[in-house]
Structure formats: C-alpha cells, structure tokens
Amino acid sequence: MGDLTRMSAADLADALGRGEVSSADITQAHLDRIAAVDGDVHAFLHVNAEGALAVARESDARRSAGESRSALDGVPIAVKDVMATRGIPTTCGSRILEGWVPPYDATVVARLRAAGLPILGKTNMDEFAMGSSTEHSAWGPSHNPWDLERIPGGSGGGSSAAVAAYEAPLAIGTDTGGSIRQPAAVTGTIGVKPTYGGVSRYGVIALASSLDQPGPCARSVLDAALLHEVIGGHDPLDSTSIDLPVPPLVEAARSGDLSGVRVGVVTELGGEGYQEGVRARFDESVELMVKAGADVVEVSCPHFRYGLGAYYLILPSEASSNLAKFDAMRYGLRVLPDGVDAPSAEQVMTATRAAGFGDEVKRRIILGTYALSSGYYDAYYGQAQKVRTLISRDFAAAFEQVDVLVSPTAPTTAFKIGEKLDDPLAMYLNDIATIPANLAGVPGISIPNGLAAEDGLPTGLQILAPATADDRLYRVGAAAEALLNASWGGPLLAQAPELVGGRA
Ligand code: GLN
C-alpha cells in the first residue's frame, strides 16, 4: 500500500473493508504528516494524537470481529474548532475560550464518534468564524499549502488547508457566509454547505444562528458525500433541524451526470470585480458542461447585489446576541480589571471581553448592537430581513427555470497574508458569491475548476441547488469533477507545488 495520506477517504474505507490496512496505521500516517508539515501550514490548533489512536484501535478490533459501524469506520478526520468536542479543548479561535474543555459533544461530533471516525484534532479558524482568511484567529493564521505566504480562506481555512496538505482525508467545517466553500475554492479542494437544517447545529458555537450550517471538506465529491451521510439528518436537539431523511448523496455522487441538466449561470455573480483568471476558468467549466450535455442558460437574480449588505446587518445582529454569553462567569478566560480591589461582575465582564475578543469580533458586536438598538431596528435589521426574503424569491424563481445555478465560488484566488487585514470591506467582498445561499438556506458545493493563469492558484466552481435537493449538488458536482479532472489529466491537487505535492 502506497502513502496512506495520499488516498481518498473512499479508497481508505475500501482498503479497511478488505483488511489490507489498519485504522491505526492510517491514523498514525496522518499524525506523522501533521508532525512533518503543520509547523508550516498551521492547520491545527490542537492535535488529538492519543485519542485518535485509541479510537483507531477500537475500530480495528471491530473490523477483525467482522463488524463496522459505518462506511467510514476507521477513517480519520479533522474537526473545525467551532465544534464542542467532549474532553478535547475547544477555543473557536478565540482567547476568550482559552482552556475550555467542553463537557459534551456537538451532534456532528457525536455522529463521527458513533460512526467510528478517529478525530485527529481541531482546526484553526477565524475567531468565532468571522473572516475569510483565518488571519483573525487569536492563534495566528493558517497558511495555504499552495503558497505558504497566502491565506487558505476562512473562516474554516484550517480544515481546508489540512485536507489540501494531506494532513487529513476529511474535515468538518461550518459555513455562515461561505466559510466552507471559499476555503475549498482557494485551496483546490471540495467544500459543501448543506441545506440549512440538514446538518445539526447542536454544539456548534453559534455565530449567526439563522445562517450557520456545518458541512464536509474533502478532496473528492464522493468523499464529501460519504461524510455528509454520516453527519446529516434530523436531530431533535436542534429545533431548526429538518425532519426528513437525508437524500441518497453517495449514490448521487457515484452516478454523476450532466446530460439534460438545466444549468443557470447567475448574471449577478460574475463579471466586474472578479479576477480575470477566475472568470476564464469559470467560462471554460461552463463550456465543458455544455459539451457534456447540460442545457446552459443565463439567469438573473436581481436582488443578489444587496446580499452582502443584508448579510453584514443580519450576521452582526445575531452574533452580538450569541456572543453575550461570554461573560467571564461561565467559560474560559476571566480577567480582573487592573487596580480595582473588589471588582463588580460588570467590571470583570468588561475587562474579560476587552482582553478576550479580537478586533473583528468587537467590530461586529458594535455593528450588531447598533443595528438592533431601538429606533434603528426597523431601518437596519428589519430592512435586511426584507432583502433576505427577496433573495429567497430570486432563488425560487430561478429554480423554476433551472435545476442548478453556477458561479465562481470566490471572486479572487488566495490573497497574500496581511493584504486585506486592515481593510474589512475588502475582506467581506470575498464572500460576495457565497452569501446568497446562506441567506436563503439553499445548499452549495465548491469544486476545484483550475488554476488562474495570472498566479497559478486554484479557483472554484460553485453549484447551488434548491433547499433539500443536496443530492443534486453531488450528481452534478461529481460529473463536473470528472470532466475537469479529465481535462487536466488527474486531480488538481496533484499539480500543486512543494508542500502539498512533495515533502513528507
Ligand atoms: N467570511 C464570512 C464572514 O466573515 C463568512 C463567515 C462564515 O461563513 N463563518 O462572515
């Protein structure tokens, strides 16, 4: 058996099933890879070596007794640090949660454990999932394996970088405005934002509750489907969880097909403001889809242009309320104010929040409390909610004409670390194409669709489907992936330089 870290999750699962390899060996190979490259990539905030190996050995014992708990039993995974993991430190990229060890598991994590997946560790992220680059992590940025001086996207850049650098075959992310899809696009990997309510939010530290959605990060569409089936489905612990069976995602990914599929190119998600190489690769992907029998039309979603504005009112409003619980009394950090003998609870809270939250978090709390304040509520939050309804109607009208919508996932390739850090609006613009799906609750996938000519960095193709039709993403995504890979003669990641391709 070759290098275990280069294999897909599907192939690892098959090899485990045939008894050709042990989960302990697979897990150790990934831990070795993490030890070798994570000093450069910084995808992980915490490596759970002992815990992962213990679970791997249990999985091996089950396999030798002829049992297995799921298709992915024994295949290791990395988990974004936004998820509560019992007994494993969870910081959400923030100093305010430093030292917190959750007493319970998020439902997604409980399902991973029940399915027998060893958890390799917790991945880096922008603080409280606010950002597009991981530069807002209190623990320093992650680096893009394609070019270590560049960002791996965000907020879940750690998860995508881990997968791209072969430190993990699979990872979990969360997507509130694009934090699974945009990191996937800029690292040449796959990321899926499921339908809102399709994967439980229980135990996910909330950013914006009406937008947040956990989902899979992987190196192939099939691997993402395998993981999505493990984590998806109704959860009584999440009141917004959809009470419907998960559609057959793996079957959809195995029967990729584009013939007769009606594909809509969204007029508003492209053109001006999108990097030239991103546009060129997108146009080529659309041509490939046409050749494969897709019926491509252009579709206008006129209200998408207000998406970013509405999102940056709704998100801070919900975040300001969700983050009120970090009060120095219940979790993590507690800072006593300087020079005060017997500080009041409010003084401790103020000192803790001042020291524990980073600039971006403070910026959004201030924006959110302002937007929700009496006298301004209707003008800001109320208005943004109306825009949200109009965006949902744009989707509904579009999906009457087409089966899926497509666009570039992000307007640019990975930018340089530091390039946009002092310009929040420039950073926010990186989510322009991903945000509408969160506002409407529809599912989306990003698949690698080439390298931009001007910088040689990966670009992503976004495919969007109607709510609860996640299987369509996998059917169309797998077909597009096969066409694209054939056009380059192999997976895009295989073309990556040094770190991803080479060093062991
Ligand atoms: N980059 C977006 C933001 O900063 C998306 C965040 C996310 O999806 N968690 O809000």
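Values for this structure:
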quantity: Filter pass, P443 being within 16 Å of the ligand (Cβ to nearest atom), touching a His at 6+ places or on another chain (Cβ under 9 Å) and under 15 Å from A467 (Cα atoms); calculated: no
quantity: Residue match in region 146-167 (condition: within 28 Å of E419 (Cβ to Cβ), more than 15 Å from the chain's Cα centre (by Cα) and in a strand (DSSP E or B)); calculated: yes
quantity: Test: residue in region 337-346 that is within 32 Å of the chain's Cα centre (by Cα) and either within 16 Å of the ligand (Cβ to nearest atom) or modelled with pLDDT of 95 or more (or both); calculated: no
quantity: Residue tally, condition among the hydroxyl-bearing types (S, T, Y) and surrounded by fewer than 24 Cβ atoms within 10 Å (Cβ to Cβ), over region 70-106; calculated: 2
quantity: Looking only at region 180-190, and only at residues there that are within 14 Å of the ligand (Cβ to nearest atom) and more than 23 Å from A310 (Cβ to Cβ), the one that is nearest to the chain's Cα centre (by Cα); calculated: A184
quantity: Elements of type helices (runs of 4 or more DSSP H) contained in region 185-295, each with 2 or more residues being within 30 Å of V108 (Cα to Cα); calculated: 221-231, 249-254
quantity: Pair list, Cβ < 8 Å and 6+ apart or interchain, from region 288-311 residues that are closer than 17 Å to A396 by Cβ to residues that are part of a loop (DSSP other than H, G, I, E, B) and among the polar types (S, T, N, Q); calculated: V299/T267; S300/T267; C301/T267
quantity: Whichever residue in region 166-179 is in contact with a Leu (Cβ under 7 Å, 6 or more places away or on another chain) and not polar (S, T, N, Q) and, among such residues, is nearest to the ligand (Cβ to nearest atom); calculated: G177
quantity: Scope region 46-62; condition among the charged types (D, E, K, R) and surrounded by fewer than 18 Cβ atoms within 10 Å (Cβ to Cβ); matching residues; calculated: E50, R57, E58, R62
quantity: Selected residue (only one of V278, V348, V361, V335 is of a type in the set (A, V, I, L, M), within 30 Å of P141 (Cα to Cα) and in contact with a His (Cβ under 9 Å, 6 or more places away or on another chain)); calculated: V361
quantity: Members of region 230-243 that are over 16 Å from the mean Cα position of the chain (by Cα) and either at pLDDT below 95 or of a type outside the set (A, V, I, L, M) (or both); calculated: G233, H234, D235, P236, D238, S239, T240, S241, D243
quantity: L244 vs. criteria more than 16 Å from the ligand (Cβ to nearest atom), surrounded by fewer than 24 Cβ atoms within 10 Å (Cβ to Cβ) and aliphatic (A, V, I, L, M); calculated: yes
quantity: Out of R305, R330, R364, R388, sole residue that is among the basic types (K, R), part of a helix (DSSP H, G or I) and out of contact with any Leu (no Cβ under 8 Å at 6 or more places or on another chain); calculated: R305
quantity: Residue in region 193-215 that is touching a strand residue (DSSP E or B) at 6+ places or on another chain (Cβ under 9 Å), modelled with pLDDT of 95 or more, more than 12 Å from the ligand (Cβ to nearest atom) and within 19 Å of A43 (Cβ to Cβ) present; calculated: no
quantity: Number of the condition not met by E98 [criteria: (1) closer than 26 Å to K325 by Cβ; (2) at pLDDT 95 or above; (3) out of contact with any strand residue (DSSP E or B) (no Cβ under 9 Å at 6 or more places or on another chain)]; calculated: (2)
quantity: Check on A437, closer than 20 Å to L390 by Cα and more than 13 Å from the ligand (Cβ to nearest atom); calculated: no
quantity: Qualifying residue in region 184-196 (condition: crowded, with 24+ Cβ neighbours inside 10 Å, more than 23 Å from A225 (Cβ to Cβ) and polar (S, T, N, Q)); calculated: no
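Condition check ((1) surrounded by 15 or more Cβ atoms within 10 Å (Cβ to Cβ); (2) within 24 Å of the chain's Cα centre (by Cα)) across all residues:
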| residue | (1), (2) |
| --- | --- |
| L258 | yes, no |
| Y274 | yes, yes |
| V278 | yes, yes |
| L288 | yes, no |
| K291 | no, no |
| A294 | yes, no |
| G307 | yes, yes |
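The values are calculated or read from the model by the stated rules, or taken from the named source; none is laboratory data. On a predicted model such as this, the values are computed, not experimentally measured, just so you know. Reconstructed Cβ throughout: ideal geometry from the backbone, glycine too, with neighbour counts over all protein chains shown.
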